[in-house]
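Have a look at the structure below, then the notes.
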Amino acid sequence: MVPKCTNFDVRAVSAPDRDWVLRLLTQYWASPHIYSKGRLINAAELPGFAAIRDATPVGLITYRIEGRECEIVTHNSLAGCGGIGSCLLAAVRHEARERGCDRLWLMTTNDNTPSLRFYQRRDFDLVSIHRDVMHQARRLKPDIPDRGLDDIPIRHEIELEYRL
């Protein structure tokens, strides 16, 4: 069940969406390849959910399921506040439960304080800080900047989880 949201709809990403998904990932992440825990993941090839308002995409979340765990790989709301991010998260949480997962998790970087705030307010727990791994990440994905939000040096990955 995908949640009904106020002024937009949430639906599974399908083949006709792949062009705008690729554009969005490139716009927000510099490429569709996302670094997570020592590897690059092509998020454009993953399942996901889209938030659509008036036939226009306003949000995207991509995920991957491995065993009994579901990793959120990307999560973007293009319209700021308004429930888009929460509805997309609810859709993935529901899908993970339906597929028998007992853990929903994600990685973010130390500079991404809006992400840390968003997920902790939705009962995600900080479970690990992977210190100084972003130097290694830049070897795999050189377009990861040295400094991020609020000019904070990007050094560490932070792992958050939600137990289903």
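The numbers here are math on the coordinates, done by the rules we state, and not lab data. Since this is a predicted model, take the numbers as computed values, not measurements. We place every Cβ from the backbone using ideal geometry, glycine too, and count neighbours over all the protein chains shown.
Before moving on, here are some points about what is shown:
- Anisotropy class of segment 1-70 from Cα gyration tensor, a/c 1.5 cut: oblate
- Loop-located trypsin sites (Lys or Arg not before Pro) in segment 17-61 whose Cβ has at most 16 other Cβ within 10 Å (DSSP): Lys37
- Where labels lie 7 Å past Cα in the beta-carbon direction, separation of Lys37 and Asp146 in nm: 3.0
- Taking segment 9-163 and dividing mean pair separation by its residue count, relative contact order in percent (alpha carbons under 8 Å, at least six apart): 20
- In a fully extended conformation the segment linking His135 and Asp54 would gain 25.0 nm over its present Cα-Cα distance, using 0.36 nm per residue.
- In Hz, Karplus ³J(HN,Hα) per residue of segment 147-153 (6.51, -1.76, 1.60; θ = phi - 60°; x = Gly, Pro): 10, x, 4, 6, 6, 7, x
- Close amide H contacts of Val73 (hydrogens built in the peptide plane, cut-off under 5 Å, sequence separation of 5 or more or a different chain): Thr62, Tyr63, Arg64.
- Dividing the Cα radius of gyration of the chain by 2.2 N^0.38 Å, with N the residue count, gives 0.99.
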